Amino acid sequence: MPNDFKIMHGPVNIPPSAQQEASDPTPAYSNIYNAAMGASNQFGGSSNIEDLIMAVQFERGDILDQQISDQMKDVEKRNKWLQDANAAMNALRNARPNDTTSKVNPYNVEFTNSDGQQESVGQWAYDNGVSSGQAWSDQTQAQVDQSLQSMKSAVDTANSTSQMDMVRLQGLMDKRSQAYDMISNTLQKTDKGTSDVIDKLGQ
């Protein structure tokens, strides 16, 4: 799978005051406020804006963690498929007839799949919906070439999808990092405010 593509992503815009924007009839702002008020129960029901921001970001972080987990499973599944596809292609290529009169049956050609098991090329192609416009039975040299081209097209499509999966995964990880950065910044601001009050009281 190519890994030299450039990952592009943008910042996530978060409303500066969820409580203030709640009076706006726009559904997006109302939803953010409702989520904040519900999540803030973990902070004793406080309506302090810093607590609300942290509550929203904690909840957002949990959601992003699940999305990242799901995306990683999709990436792993597609990588296994690509590994099997390439192994099947290599096996069929090695079994390709050397002349125009001989034939080979892809169902009798085996390869070792990603689970370490022997699998039939013809059965794998059938199970995965790889169509070459002909039966996966006895094939001539030209028919094998056609089958290999169909398998290569399927691999190219899966590679493109895999790249997009990686872009989405990177974007989710960036958003997760932003959520926890905001929590950290809010905590630092709160600690600084508390320290300033203590310092003034001590003067």
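Just so you know, all these numbers are worked out from the coordinates, no wet-lab data involved. Please read all numbers here as calculations on a predicted model, not as lab measurements. Methodologically, a virtual Cβ is constructed for each residue, glycine included, from the backbone with ideal geometry; neighbour enumeration extends over all protein chains shown.
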* Order of Trp81, Trp124 - criterion: other Cβ atoms within 10 Å of each residue's Cβ, fewest first -> Trp81, Trp124
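Counting other Cβ atoms within 10 Å of each Cβ, which trypsin sites (Lys or Arg not before Pro) in the stretch 70-114 have at most 14 and sit in a DSSP loop?
On the way: sites: Lys73, Lys77, Arg78, Lys80, Arg93, Lys103; in loops: Lys103.
Filter output for the stretch 70-114: Lys103.
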* Extension gain, Ala135 back to Gln118 (0.36 nm per residue minus Cα-Cα distance, nm) -> 4.0 nm
* Asked: What residues have an amide H closer than 5 Å to that of Val109, excluding those fewer than 5 places away on the same chain, when H is modeled at 1.01 Å from N in the peptide plane?
  -> Val121, Gly122
* Asked: Out of residues 5 or more away from Gln139 or on other chains, whose amide H comes under 5 Å of its own, with H placed 1.01 Å from N in the peptide plane?
  -> Val104, Asn105
* By how many nm would the segment from Asp62 to Ser153 grow when fully extended, if each residue of separation counts as 0.36 nm and the alpha-carbon distance is taken off? -> 29.0 nm
* Could you run the Karplus curve 6.51 cos²θ - 1.76 cosθ + 1.60 with θ = phi - 60° over the stretch 162-173 and give me ³J(HN,Hα) per residue in whole Hz, x for Gly and Pro? => 5, 5, 5, 4, 5, 5, 5, 5, 5, x, 5, 5
